[in-house]
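Remarks on the structure that follows.
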């Protein structure tokens, strides 16, 4: 039995964050997914997600999220996987974890962004402290894979190399659409992006079973496509958390912070 909470955390409270919950005791392992914290909390009250609505950002309500996850799954969370820099000490620049991932995956176009004292800064520290207070410390290279009740930092771009058996970074970010396929027309770029989002959905379905989400139409508004993307990222994050509990993930970093990646895409074992 494993219950995993995945969070695609925005680095600032102005943007919404996707949330997903996995439960391995049921055939449809994804038992809840939402494009914002508020929408996920409503799921615990039986309120379905309105994917076409505008979803707002906020400071992550960690205790409420964990309580909602427990209510939905009927059991406490075994691991939390978050797409955000977290550390056992203050973050003010690139970390050993960021450099390790960039060394391993830079050639596959999956280098990491550089965190700072401003982004995610104090909000990232508050998230880390809130989870630690609930008994979920940051998992580092000193943490044995499979250890329960840990906060894992994950990176969807490296995870997708495993999930989709790709050699280079998957181009699926809605906000970067104009940077992809520059020689194509705007309509074709959107269609190609939609195909990548569909491939990710199919990949997740293959490992998690049917997903409680419907793919939007290619003509959908950008906010709807972005909500779908955030939900996919949350499910990808949760899937890596599941790999960790199954001892199929590897930590890249040091004793302060680590980014957990699927073991099958690591070419140089740490």
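Considering only 139, 39, 202, the Gaussian network model of the chain with Cα springs below 10 Å gives its largest mean-square fluctuation to 202.
Is it possible to state the helix-based mean residue ellipticity at 222 nm for the chain, with each DSSP H run of 4+ residues giving -39500 (n - 2.57), the sum divided by total residues, to the nearest 500 deg cm²/dmol? What is it? Calculated at 222 nm, the ellipticity per residue is -11500 deg cm²/dmol.
If you sort the three axes of the alpha carbon gyration tensor as a ≥ b ≥ c, you get a/c of 1.5 or more for segment 107-172 and a/b no higher than b/c, which makes it oblate. From largest to smallest, the equivalent ellipsoid semi-axes obtained for segment 54-173 from the alpha-carbon gyration tensor read 25, 18, 16 Å.
Ranked by the mean number of other Cβ atoms within 10 Å of their residues, highest first, the peptides 256-265, 83-92 fall in the order 256-265, 83-92.
Computed packing ranks the peptides 172-178, 119-125 as 119-125, 172-178, most packed first, by mean other Cβ atoms within 10 Å. Binning the C-alpha pair distances of the chain at 10 Å intervals from 0 yields a P(r) profile of 7, 32, 39, 20, 2, 0 %, listed from the shortest bin outward. A crude spin-label estimate for the pair residue 223 and residue 182, with each label 7 Å from Cα along the Cβ direction, gives 3.1 nm. If R0 is taken as 22 Å, the Cβ-Cβ distance between residue 75 and residue 214 corresponds to a FRET efficiency of 0.20.
Only Cα sites of segment 61-111 enter the Debye sum here, all with the same form factor; the resulting log10 I(q)/I(0) across q = 0.16, 0.17, 0.33 1/Å is -0.68, -0.72, -1.25, listed in q order.
Under 1.5 on a/c is rounded, so check that first for segment 1-102, then, if it is not, pick prolate when a/b is larger than b/c and oblate when it is not; a ≥ b ≥ c are the square roots of the alpha carbon gyration tensor eigenvalues.
It comes out oblate by the Cα gyration axes.
Highest GNM mean-square fluctuation among 236, 82, 200, for the chain modelled with Cα contacts below 10 Å: 200.
Annotation for segment 73-90 versus segment 104-171: alpha-carbon center distance of 10 Å.
Classified by the C-alpha gyration tensor, segment 210-269 has a prolate form. Its axis ratio a/c, with a ≥ b ≥ c, is 1.5 or above, and a/b is larger than b/c. Mean projected area of the convex hull spanned by the Cα atoms of segment 151-270, taken over all viewing directions: 8.4 nm². Please work out the Cα center distance from segment 10-69 to segment 204-248, rounded to the nearest Å. With segment 10-69 and segment 204-248 each reduced to a Cα centre, they are spaced 12 Å.
Quick note: the coordinates plus some simple rules give every number you see, no bench work behind them. Not measured: the values here are computed from a predicted model. Ideal geometry is used to build each Cβ from the backbone, glycine not excepted, and the neighbour counts take in all protein chains shown.
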